[in-house]
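Working notes, structure below.
The values are calculated or read from the model by the stated rules, or taken from the named source; none is laboratory data. Only a predicted model underlies this, so the values are computations on that prediction, with no experimental measurement involved. All Cβ positions, even for glycine, are placed from backbone atoms using ideal geometry, and neighbour counts span all protein chains on display. Each accessible area value is taken on the protein alone, full model and side chains, heavy atoms only, with ligands, DNA and RNA left out. Shrake-Rupley method; radii C 1.70, N 1.55, O 1.52, S 1.80 Å.
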Amino acid sequence: MTEWGAPGADGTDSPPERGRGVRIAYIAHGVQGRHDGVRAKILAQAAMWAELDPTVEVGLFVRCETGADQDWRGEPHVVSVRSSRAGVAGRLLQRELLSIEVARWRPDIIYLRYSTVSPSVVVLAAAIPTVVELNTLDLSELRMRSRLRYRWARATRTILLRAARGIVVVAGEIAGDAAVRRLDVPLAVIPNSIDLSRHSVLPPAHNPAPRLVFIGAPRTPWHGVDKIVRMAREFPTWTFDVIGPGPEEVAGHPSNVRVHGLLEPVDYLPILAQSDVAIGALALRRLDLSEASPLKVAEYLACGLPAITSYTDTRFPDGAPFLLQLANTEDNVETSLERIEAFVLDWMGRRVDREALACIDARVIERRRLDFLLKSLEAGRARPSDVAAHVP
């Protein structure tokens, strides 16, 4: 039984022999501008695929939120950017126009970051080999965000996903979800990565009292910003920097919490440099998840910061000394105060050893993703009995 994304019988992980010059259209809908880690991930993936295989041509087709288009235009590999305007109708129109541009570009295969299903995307997936990336249990997330989008997704997602040549999930728990398993489509678990060569380990901070940092997106309750406030109340001599969420999401916070709002990397890197420990998502259970491979935690580690989380990181299934995993419960902060204090004090004045992070490097992980794409192109629609889900 062949595992896509895993080494073959000859000990290599190279794809089958193929002709030169494969065009990959990478489609992303509803993404943000330069404050968003997803933008950085997509641009880095395209660059890494082109570096790993010079015969591959990557074209990015982006439908971004209003006003974010200038943050995409002119970036390497970007072929088309369309900005959403005029409400729901405008977003739908831009999606359809973007699909037309993808078809005119004549890709050999499509890599689609899963989003709201639209007619043109289904047509593309039926006409052109397509691999879909699932970043979360989307139905659980949509149930929290929008009742209308949740109902639409329940009615349409299976049509798109069953038309795919393959599905990539960023965590093994997503692969095990019944709604994903019954799709009868080749599946690979490939976590989020980071190009370590683009990040330097920050010098250790020398703070008289601990300083912790959190970076996240606004209006994402599963990040658990409310729990950071609770932690700050329990440790009043520590400083907590919250980047991303605005003051309205941290209402009533104590004076040792500093709320910065959205910042670009050039602005938040000095804050990371002054920090001892970083904080990941503390409330992933609100998405019915207990496993993930977040982009921001990878960035923390690449900068040398250990992190406090509440889930199993797919990239470190057996844990790691630089990751403090709390219970995935609503009271995980209150029940772990001694562990949190010991972890933070132990890491003061130290940084994570770069040699321990090879498993999150883009050159390792994106090689697997690219191989899965190329094998999906060449193998056609494989039978589930011939393709096993690969959990790293």
Test: residue in the range 257-267 that is in a loop (DSSP other than H, G, I, E, B), out of contact with any Asp or Glu (no Cβ under 7 Å at 6 or more places or on another chain) and at pLDDT 95 or above: no
Cβ-Cβ under 7 Å pairs, at least 6 apart or on other chains, the range 272-300 side within 14 Å of E173 (Cβ to Cβ), far side among the small types (G, A, S) and in a helix (DSSP H, G or I): L287/S140; D288/S140; E291/G172
Test: residue in the range 324-335 that is without any contact (Cβ under 8 Å) to a residue 60 or more places away in the chain and crowded, with 22+ Cβ neighbours inside 10 Å: yes
All positions within the range 49-102 that are open to solvent by 50 Å² or more (accessible area, probe 1.4 Å), within 19 Å of D36 (Cβ to Cβ), in a loop (DSSP other than H, G, I, E, B) and not charged (D, E, K, R): T66, G67, G74, P76, H77
First in the range 339-365 and on the phi > 0 side of the Ramachandran plot, second anywhere and open to solvent by 70 Å² or more (accessible area, probe 1.4 Å), Cβ under 9 Å, 6 or more apart: G349/H206
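Okay, residues lined up against (1) within 22 Å of R211 (Cβ to Cβ); (2) crowded, with 19+ Cβ neighbours inside 10 Å; (3) among the hydroxyl-bearing types (S, T, Y); (4) in contact with a Ser or Thr (Cβ under 8 Å, 6 or more places away or on another chain):
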{"position": "L289", "(1), (2), (3), (4)": "no, yes, no, yes"}
{"position": "A292", "(1), (2), (3), (4)": "no, yes, no, yes"}
{"position": "T314", "(1), (2), (3), (4)": "no, yes, yes, yes"}
{"position": "A320", "(1), (2), (3), (4)": "yes, no, no, no"}
{"position": "L337", "(1), (2), (3), (4)": "yes, no, no, no"}
Filter result for H29 (surrounded by 14 or more Cβ atoms within 10 Å (Cβ to Cβ), at pLDDT 90 or above and either assigned to a loop (DSSP other than H, G, I, E, B) or touching a Ser or Thr at 6+ places or on another chain (Cβ under 7 Å) (or both)): yes
Test result for V123, free of Cβ contacts under 8 Å to residues at least 60 places away in the same chain and open to solvent by less than 20 Å² (accessible area, probe 1.4 Å): no
Of all residues making up the range 95-117, the number that are more than 16 Å from A163 (Cα to Cα) and modelled with pLDDT under 90: 1
Test: residue in the range 238-255 that is small (G, A, S), outside any loop (DSSP other than H, G, I, E, B) and modelled with pLDDT of 95 or more: no
Answer residue from the range 190-217, given it is under 22 Å from the mean Cα position of the chain (by Cα) and of a type in the set (D, E, K, R) and is surrounded by the fewest Cβ atoms within 10 Å (Cβ to Cβ) among those: R198
Per-region count, the range 340-356, residues surrounded by 15 or more Cβ atoms within 10 Å (Cβ to Cβ) and part of a helix (DSSP H, G or I): 5
Boolean, R286 is modelled with pLDDT under 95 and assigned to a helix (DSSP H, G or I): yes
Residue tally, condition touching a helix residue (DSSP H, G or I) at 6+ places or on another chain (Cβ under 6 Å), in a helix (DSSP H, G or I) and at pLDDT 90 or above, over the range 122-162: 4
